[in-house]
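The values are calculated or read from the model by the stated rules, or taken from the named source; none is laboratory data. Keep in mind the model is a prediction, meaning the values are calculated, not measured. Reconstructed Cβ throughout: ideal geometry from the backbone, glycine too, with neighbour counts over all protein chains shown. Heads up: the accessible areas ignore ligands, DNA and RNA and are worked out on the full protein's heavy atoms, side chains in. Shrake-Rupley method; radii C 1.70, N 1.55, O 1.52, S 1.80 Å.
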Amino acid sequence: MHLQHNESAGPGVAKKDSKPLQTFTQESSSLPFGQQLNLSSISGPTYLTAQTLVQQVAYTLSDKIFSYSVESFDLDVAAKHWLEQKEKNAFGYETGVSSLETRTGAGSIALGYIFSKDFDLKKRHIPQSIIGSSSTLSYLRSALDQLSLLYSVANPLTAHIAAVDYTAGSTTGLVTDYVSSLTIADDLGLGLVCSPSVFEAQHMSLFATLLSSIMPTIHTYDGIHVGRETARLVDTLDQKRLYNSYQAVLKAVSEVDKKHSDHEGRVIRLLNAFNDEFGGDYQLFDYYGHDTPESVLVVFGTVEASLTAQVANSIAKEGDKVGVINVRVYRPFVEEAFLEVLPKSTQKIAVLGQVKDEAAVFDSCEYSRLYSDVLAAVQFAFDRNVEVSDIKYSREQVWAPSNILDIFRQIYSDKEEVRHHIEILDTTEVKQYSFWNLDESPAANTGAVLGKLLSADSAKNVSVRTGHDNLVQGGVTRTDIRNAVYTIEAPFAVENADVAFVGDEVLLKEFDILDSVKHDGDVIVKLPGLKDEEDLEKRLSSTVKHVLFNNDLSLWVFDPTLSESVSEDSSLETYLAQLAFLKVARGDLLSSGLSKLAAINGNPEVFEKLVSELDKVLRPIDEPESWCDLDEEISTLPVDINVNSFSAFDRIEPEPPTLLKSWVVAAKGLAFKEAYGTESALRPDLGVKTATVHVKEHRRLTPLTYDRNIFHIEFDLGNTGLTYAIGEALGIHAENDKSEVEEFIKWYGLNPDEVVEVPSRDDNNILINRTVYQSLIQNIDIFGRPPKKFYEALAEFADDETEKMTLLTLAGPEGATEFKRRSEVDTVTFADILLEFPSAHPSFHDIVRIVNPMKRREYSIASSQHVTPNSVALCIVAVNWVDPKGRDRFGQATRYLNSLRVGSPVTVSVKPSVMKLPTKTTAPIIMAGLGTGLAPFRAFVQERAYQKQQGHDIGEVLLYMGSRHQREEYLYGEEWEAYQDAGIITLLGRAFSRDQPQKIYIQDRMRQTLSEIRKAYLENEGSFYLCGPTWPVPDVTSVLQEAIEVEFKARSGEEGGKKKVDSRREIEVLKDAGRYVLEVY
């Protein structure tokens, strides 16, 4: 056991006679301006986010909140803060807030609480609330299903669901998911209400809570943008008004509802009472657009409702006969109310319906949930033909006025009057600003600070939205601000910024930022250390200069390195950036707004000093006419970030201490295990279950005279109990070469017997003890290829300035070419670099910290355990080469395996794979393997032979193999021929590319036997597998597509010539069904 004593140097000493700097801290993007607020402050005109309003309603009107918020989503951050502040709800006590995990069985605690025998029945009328995201619903399904069956004896329950989910396979990362809410509400008979904007979020949260008195209700809203946008609300209900209104509406409907059990009728009466209470005109279905439309779009969703309504109203003013119906309450779907709001002139109805993914969009057999309801409502309602169509879109879709306009053009396509461009904001009245920056920039929060500053003007309305893209440049943040005298409802990114602030020049290479700046706008670009005009020409691309000049954009260069204050304290850059923006965008606030800005962050003295330096660090650029010319092809860059996170990327990864100790310390731990909390393990540094096996057979498969050493190696499992399935891989936990390790230890001056204590890579609380020698043999990849970060880390230890600069250059962009040469041509190792730069001599515990750990190498298993129950086989090609200096180089794992003799122990583990046999033994298998890619297919064929021996019928087995020469590389050739003679393999396609003048590859053999592939793969529903290098994938896939097309024509007969099949899509379908499997490298 290792104990550390934390020592503190005490608090920093402030400068004498200077006021402390006030910092602006953003706790969460779900809070207004990212900052916490008191529950009592939510009242009247104020700035809020929809997510905060949802929590206010839930906290005020609930007995308990069950929160299923992903940690980074922060859906409950305000509610938890209010509980910490001991804020009381409308019923006079603190609302319970339980933060729970989203997993199987979610919702059981809520059910258990509601139906507990200890539950206070006096609280049975008080609502319970769930806060979560769309991803929560599938896990809550069972609990909600049970609740709906027992609802007559349960508390009212409202689930406030932010329509957001994370999909790893999506390019957007975060997706807006209404499908989950629509599906579960439809399947379980739950109520479903949607907030169409931040301005209605509080009222709709309240209405959903009221609706829960009738049926369990889901309240959903956009969880990516609108739910987190800070906006000014004029008449926000405080706790008292919320409660009074809640009670008043319930009282208004209680007497009538006792006589009626019809949900549809009750929800209509509830909404009427709600409107009477607030003097509003909310409808179950809201119509916008032309008075007598011919085409009507039906939508559900926050952004969808807001944008379609604004676009429809805009183009209807021009005479286009289009309209839109926003579904505010999806369940219960009151058909009479829908038909009542649908204009009588309607000839065509298009439903904008969300489906799960792009595959569903193009699947003609799948329809959106909303389409089914609309179709059912109008099917028999008219004596004339009204066309109803389904315009599907996936959860990845990001809406803007332009693509909403495209939808209207699609449903109104026969009318040429529909415009090709729309601007729903009056850009003469609305000022728009965009801030682009790297997360690591000290000025990353500039946009949020300035948004809060602008919000101090009570005569204006400000909206602020921030997004994070953590997959670009280690984290990029974008903040948009809109400022106008009227209420702004614009749930989309700024497209015509008056001023854009670019906090790092690299962003101009990642995004087309200038595309979202209006003509004659201003662009501020941070260019630290800019020397002269020639330097500017080099640092800006031709495309950027061309757009700046041709769009009449004014360029301002912001160089904080010219500030004496920032040179002394880099943290002041954020204040300087704020002032730079104000000088360009709002010069009037440079004097009148400094005190307000200092109240938000910084202090008056700092701002006064920085203002005096502003002319030096911010200067306009005269753009020469030469910028008009474009001497390079314009590359297409994304115009916006992909919002894949709600917070900045945390680059700080805490590294556990690595300490050298004597053997005595390790001995104490082993002798007194209980006292020191010691556990013994085979390889405690590995995060997988391992076993020790022994080499049973090691034989070379290629001739000794051949330049490629491919060998078969088989391991005896002994009594390890190790099991493996067909298609799985064996992980080899290899060791470094002992002679090279000993040579390194001698050269570096290490004591091989010294003990190093290293926390486990999987759990920092578990410490493992190893000698220096053991660590270099099994843990530290000292002979592996170093990444750039190693050069940067090593530079910290260099005493020689020349060596230090060389290392830093290799780690930076200017050394990219040299780094690539070293890595790919010279194939240098960590040890080589330590030898090359002798002044950089880190201690061993630092080596453990900065050198990568060794990783297991995985190889496809080439045997079936049914056939060889006590052994496992691999087929390996030894990797070796000679570098430019004439040194022999080796692949670490294959060198280790090739050095093993019969009886040698090896540490192994099993890894699952996508290579699985079909569940039916009669299903055909088509296998294509190149070189050692045949390994898993040896296991496949052995398993098929075993199944036949057991009396099972087996399907066709087609094996295609490829290599250079039959004489040298006919791997397991005798086995394949024996299996063919035995009737196991039905077709053996051998492609030896260099045994004849013309090269023959595996795809050629496949094309020659296309009819056999069609029969096995398509007629008999077989599965195809490819294992080996990646290069043949397009050609092999092309053959399969050809087979699909030929088969389609054959089945279609004469019509086949007229119709076409999308063979590429068919391959995707086969892939999803597990019938097209690739394991390539």
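Here are the numbers for the structure shown:
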{"quantity": "Cα-projected label distance for residue 628 with residue 988, points at 7 Å along beta-carbon direction, nm", "calculated": "7.4"}
{"quantity": "Whole-number D in µm²/s for region 505-605 (Stokes-Einstein; Kirkwood sum over Cα pairs; 20 °C, 1.002 mPa s)", "calculated": "141"}
{"quantity": "Two-decimal Rg to Rh for region 748-864 - Kirkwood Rh, Cα set", "calculated": "1.03"}
{"quantity": "Three semi-axes of the equivalent ellipsoid, region 575-634, Cα gyration tensor, whole Å, largest first", "calculated": "33, 11, 10"}
{"quantity": "Gyration tensor verdict on region 313-375 (Cα atoms; rounded if a/c is under 1.5, prolate if a/b is larger than b/c, oblate otherwise)", "calculated": "oblate"}
{"quantity": "Cut-off under 5 Å, modelled amide H: who pairs with residue 517 long-range", "calculated": "497"}
{"quantity": "Amide hydrogen neighbours beyond the local backbone of residue 191, cut-off 5 Å, H modeled", "calculated": "217, 218"}
{"quantity": "Whole-angstrom Cα spans of region 783-849 along principal axes, big to small", "calculated": "29, 25, 17"}
{"quantity": "Kirkwood-Stokes translational diffusion coefficient of region 358-493, alpha-carbon pairs, 20 °C, 1.002 mPa s, µm²/s", "calculated": "113"}
{"quantity": "Estimated [θ] at 222 nm from DSSP helical runs (n ≥ 4, -39500 (n - 2.57)) normalised by residues in the chain, nearest 500", "calculated": "-9500 deg cm²/dmol"}
{"quantity": "Highest to lowest packing among 101-112, 48-59, scored as the average C-beta count within 10 Å", "calculated": "48-59, 101-112"}
{"quantity": "Mean projection area, nm², convex hull over Cα of region 91-210", "calculated": "8.8"}
{"quantity": "Kirkwood Rh (inverse of mean 1/r, distinct Cα pairs), region 301-419, angstrom", "calculated": "15.2"}
{"quantity": "Gained length - residue 747 relative to residue 403, 0.36 nm times residue gap less alpha-carbon distance", "calculated": "117.3 nm"}
{"quantity": "The chain - accessible surface per residue (Å², probe 1.4 Å)", "calculated": "46"}
{"quantity": "Peptides 1070-1076, 235-241 ordered by average Cβ neighbours within 10 Å, highest first", "calculated": "235-241, 1070-1076"}
{"quantity": "Eligible lysines near residue 86 by straight Cα distance, threshold 16 Å, same-chain separation 8 or greater", "calculated": "64"}
{"quantity": "Spacing of the two label points (7 Å from each Cα toward its C-beta) at residue 146 and residue 697, in nm", "calculated": "5.5"}
{"quantity": "Square roots of 5 times each gyration tensor eigenvalue, C-alpha, region 163-268, largest first, Å", "calculated": "29, 21, 8"}
{"quantity": "Descending semi-axes in whole angstrom, ellipsoid equivalent of region 17-173, from the Cα gyration tensor", "calculated": "30, 22, 12"}
{"quantity": "Angle between the chain longest axis and helix 604-617 axis [Cα atoms, degrees, rounded to 10]", "calculated": "70"}
{"quantity": "Built amide H within the under 5 Å cut-off of residue 353, gap 5+", "calculated": "391, 392, 393"}
{"quantity": "Charge sum, other residues only, whose C-beta stays under 9 Å from residue 305's C-beta, Lys/Arg counted +1 and Asp/Glu -1", "calculated": "-1"}
{"quantity": "Whole-number D in µm²/s for region 347-390 (Stokes-Einstein; Kirkwood sum over Cα pairs; 20 °C, 1.002 mPa s)", "calculated": "191"}
{"quantity": "Region 68-129 - Debye-derived log10 I(q)/I(0), Cα point model, q = 0.29 Å⁻¹", "calculated": "-1.26"}
{"quantity": "Heavy-atom accessible surface of region 27-186: percent carbon and sulfur, 1.4 Å", "calculated": "51"}
{"quantity": "Per-q log10 I(q)/I(0), region 990-1076, q = 0.18, 0.23 Å⁻¹ (Debye; single scatterer per alpha-carbon; no solvent)", "calculated": "-0.83, -1.21"}
{"quantity": "Rounded accessible area of residue 23 (nearest 10 Å², 1.4 Å probe)", "calculated": "100"}
{"quantity": "Antiparallel bridge percentage (DSSP; both residues within region 43-177; nearest 5)", "calculated": "10"}
{"quantity": "Filter on 526/609; 321/392; 460/616 - keep pairs with C-alpha separation over 26 Å", "calculated": "460/616"}
{"quantity": "Estimated FRET transfer efficiency when R0 is 56 angstrom, pair residue 235-residue 820 (beta carbons, to 0.05)", "calculated": "0.35"}
{"quantity": "Per-q log10 I(q)/I(0), region 844-969, q = 0.16, 0.18, 0.23 Å⁻¹ (Debye; single scatterer per alpha-carbon; no solvent)", "calculated": "-1.00, -1.16, -1.45"}
{"quantity": "Spherically averaged projected area in nm², based on the convex hull that wraps the Cα atoms of region 95-161", "calculated": "4.5"}
{"quantity": "Stretch gain in nm, segment residue 120-residue 40, where the contour uses 0.36 nm per residue and the Cα spacing is subtracted", "calculated": "26.0 nm"}
{"quantity": "Förster radius 30 Å - calculated FRET efficiency between residue 410 and residue 383, Cβ distance, rounded to 0.05", "calculated": "0.65"}
{"quantity": "Label point distance in nm, residue 920-residue 108, each placed 7 Å from Cα along Cα→Cβ", "calculated": "3.7"}
{"quantity": "Pairwise Cα inverse-distance average, inverted: Kirkwood Rh of region 213-332 (Å)", "calculated": "16.7"}
{"quantity": "Protection-proxy order for peptides 952-959, 82-89, 594-601, each taking the mean of Cβ atoms within 10 Å per residue, highest first", "calculated": "952-959, 594-601, 82-89"}
{"quantity": "The chain pair-distance distribution - Cα-Cα, 20 Å bins, rounded %", "calculated": "10, 30, 37, 21, 2"}
{"quantity": "Å³ per residue enclosed by the Cα convex hull of region 123-192", "calculated": "83"}
{"quantity": "Length added when fully stretched, residue 866-residue 719, from 0.36 nm per residue minus Cα-Cα", "calculated": "51.3 nm"}
{"quantity": "Rounded to 5, the percent of DSSP beta bridges in the chain classed as antiparallel", "calculated": "50"}
{"quantity": "Helix 134-149 vs. the chain, principal-axis angle (Cα, 0 to 90°, nearest 10)", "calculated": "70"}
{"quantity": "Hull shadow area, averaged, region 272-368 [alpha-carbon convex hull, nm²]", "calculated": "7.7"}
